[in-house]
Structure formats: structure tokens, C-alpha cells
1. Summing -39500 (n - 2.57) over the DSSP H runs of n ≥ 4 in the chain and dividing by its residue number, what mean residue ellipticity at 222 nm do you reach, to the nearest 500 deg cm²/dmol?
2. Determine the distance separating the Cα centre of the range 268-320 from the Cα centre of the range 147-161; give it in Å without decimals.
3. Projected onto the charge dipole of the chain (+1 at Lys/Arg Cβ, -1 at Asp/Glu Cβ, origin at the Cα centre), which of Val142, His65, Val259 gives the Cα projection farthest towards the positive end?
4. Per the 1.4 Å probe, what fraction of the accessible area of the chain, in percent, lies on carbon and sulfur atoms?
5. Quick one: how many lysine pairs does the range 137-194 have with C-alpha atoms less than 24 Å apart and a gap of 8 or more or different chains? Give me the count, please.
6. Excluding same-chain residues fewer than 8 positions from Lys199, which aspartates and glutamates have a Cα within less than 20 Å of its Cα?
7. Along the positive direction of the dipole of the range 57-216 (beta-carbon charges: Lys, Arg +1; Asp, Glu -1; about the Cα centre), which of Asn99, Leu112, Val214 reaches farthest?
8. Kindly rank 199-205, 343-349 from highest to lowest mean number of other beta carbons found within 10 Å of each residue.
Amino acid sequence: MSDRTSKPKKKRKKLSESSVAYLLIAPSLLLILVIAIWPVIQSFYFSLFDMRLNNPTKSEVHTSHMIDLHRYLDNYFLLEGAIDKELDKASGGNEETLNSVKQDLSTLDSSLLKDEEIKERYEIIDEKLMKFEKVGSKEKLVEVEKDRAEEIQVTLNDIKEKVNGLDELEDPKTVKGLSNALADSVIKPNFIGFDHYAKNLTDKRMWMSIWNTVVFTVVSVAIELVIGLMIALLINKAFFGRGLVRASILIPWAIPTVVAALMWKFLYDGQNGVVSKIFEEIGLIDRMATLLTTDSGAMFSVIFADVWKTTPYMALLLLAGLQTIPKSMYEAAAIDGANKWKQFITITLPLLKTSILVALLFRTLDAFRVFDLIYVLTGGGPANSTETISLLAYKVMIAQSNFGEGSALSVVVFICVAIISMIYISLLGRDLLDDKK
């Protein structure tokens, strides 16, 4: 029998506990990156550009000089046809100017066709337009050198000025509109760096919106914490009908925010509002219209409505914390002679610290990002006295179509939220991060 040399078995490498832990949380981290972090990165990227949705030359991110051949061809032939119609009925100075414009158009078109890349794309897009086919957003753009783009822009601006200076045209709106649209065929880079941030840091309106947001957040969350804790302590007691009381308390929180805001808008109405009438009767306000037409009245109104709606949520979170406190601790404290207030200070509050942190963190972040309640109830008025940073970002981005600056304001909101989270964790949540038990 021949001896067989036994080969040593390879030992399998075992992953460390930390490696296993990272592998287990990797899907969650990836999900957070996709859902939460990536939109912020995108917003920051867009904030570096002068993007305006109502401007065809700035509706997208552009990092180089380009010609929009779709816009150029779409308006070039229409303008040429409109000029021919005007020439049939023109006289005097108009005829001379129109011929000059037509000559400029022809010269420009010929110069474009001398570039092989432009000519190839030119013919493709022209054919698609003739067949009424869709032209791709990337297909219509052709990159050109800066000097060449500026040269073309000068020619287009000259044509625009000549046409706008004409009088007594048969169809002035069409001719002038086409020349204006043709002048937008050249697209310039819209990268502006941190200009949006520099502008906002010196903008009084942004700082006022942040101040309004802070006032709304601090006052509403503080009131909700106090009232929510009182409600949680009450419904934590055993009494007849406790289940019904718990369910009824959650009704305001279950109502959609937009519906609640509309409801409170009717209740605050200066002529027929029930709440405004009650406040006037008890002397809280001078007249019914004060609630929605004055700075302090409007801020009070949105805070009052928010407290009514979200206090049940705060109470629910605190109730969950109260139910984790053993009853035996209260019994032992009572035997030692501690009264109810002493028990609340020495037992309830310390053991409720984690629940209070979670409740405050959730509600503060939610209140700081408030949008729908104020948008429906006051619209940020009167005179922007209730305009929050989220509402300002919406107005700039959507209402004003300034997507770049709106993205910058969205990044500001994210930074503020991140700072709030770090403050809460550092001041109140150290015990949550301490793994040395």
C-alpha cells in the first residue's frame, strides 16, 4: 500500500461580529441612501446652477455652450415664411429691413451647415420635424465652442432687434415672437457655484422665514409636550371608558392636515368663524378679523391649529413610555412617604426621558418642516408673517419656477433639520448611544 500524504484542511475564515452586523444593516443603509440622502445630493447639485423652469435656455443643467437645433429649426423656417408674407405687403423702410433680416437668416443658416457635426444633426432633426416626430432632449443639443456660440448669439440678437424695431407689420405678434424665440436657440452654461447660497444668506426674507419657523416650532412643540404629557398621564390611569377616551383623543391627529387646515380656516373666519367669535367674546382678541389679518393673530392661529391636531400624537408617544414604567416603583415610593408630585419628579420624568426625547425629536423635525397647514390656512401671510422656510422654498421653486434657488433653500432646510437632530442626540440622547451598561 502506498502512503497517502494527508493534505491539511483549509480553515474557513469566520467573519467578525462587527462585519456580520454591517452586512445585516447594509440593506437598510442602502435604502436610506436612496430614499433620504440621494435627493439631498441632487438638490445640492441643482442648487449650483441657475435653473429656471420658465426659461427654455435654463430649464436644464448645462455645463457647456450648445445650440438647441430643435428650437432653431422650429422658429427659423416659420420666421422666414412670416417675413416673406410681410415682404409681399411691405413698403419703404420695412421692406429694406425685412430683406436685411432675411439675408442675415440665410447667412447664419449657411454658416451652421458648414460644421459637419451640426449639419448631420441638423438634417436628422429637420426630417423629424417634417414628419412631426418627437425630438429627444439630448438629440436636439449640439455642443459648440464658446467663441462660436457668442458669434451666433450676436447674429440672433441683431435679427431680434431689427424685427422688434419694425412698425406697421401685418402680423407683428407672430414675427416678433418668432424672432424672440429664435434668439433663445443658443444655450450658455448655467453653472453659478454657491451664488444662490450667498444671495440667501443676505436675504432678509429667508432669515425672517427661518425665524417664523423657529417661533412656530418652539412654541407649538413646547405646548404639545406639556398638554400631551398631561393627557398621557390621565389616560394611563385605569378608569371606566378609558378605551373610548383614548380613541376619541386620537381623532384630531387622524384627520388629514389639509382638511384640518381648511376646517380651522372657516372657524377663524372674520365674519362667520365660531372660534374667532368665542375669542372675541372672552376678550382674547379685539375683533374677529384679527386672527387672520394681523401678524401676531395669524401666528397664534397656525400654532393653535397645530397644537390641536398633533398633541394626540405627542400623548400617544408619551403614553407608550409611561406603560414601560413598573408600577412597583410607585408603590415602593408611596410606602417611603413620597407624594404624587415627588413620584412624578423622581420616577416618572427620569424613566420617561427616552420617550420624551423620541417625542420631541419627531415633533420638532415635523414642526420645522411644516408646510401644508400654513399653506392652506394663511398662505404665509399676512405680509409673510407666517411664511416658513419650507413654504418659501416651495414658492421660489414652484411658483417662481426658480428651481436652482429653490433647491438651495431645500438644502438649507436639510441642514437645519440635521443640526436639530444632532442637538437633541447630544443633549438628551447620550444614554441611547452609550453601550457601556
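1. Numbers: 22 runs with 285 residues, N = 437.
It comes out at -20500 deg cm²/dmol, rounded to the nearest 500.
2. With the range 268-320 and the range 147-161 each reduced to a Cα centre, they are spaced 59 Å.
3. The residue sitting most towards the positive pole is Val259.
4. Values: 15990 of 26190 Å².
Carbon-and-sulfur percentage of accessible area, whole number: 61.
5. Final tally of qualifying lysine pairs is 14.
6. The qualifying aspartates and glutamates are Asp50, Glu387, Glu405.
7. Val214
8. Details: 199-205: 12.1, 343-349: 15.0.
Peptide ranking by packing, descending: 343-349, 199-205.
The values are calculated or read from the model by the stated rules, or taken from the named source; none is laboratory data. As the structure is a prediction and not an experimental result, all values here were calculated from the model. Every residue, glycine among them, receives a Cβ derived from its backbone with ideal geometry; neighbour counts consider all protein chains shown. Calculation scope for accessible area: heavy atoms of the full protein, side chains included, ligands and nucleic acids excluded. Shrake-Rupley method; radii C 1.70, N 1.55, O 1.52, S 1.80 Å.
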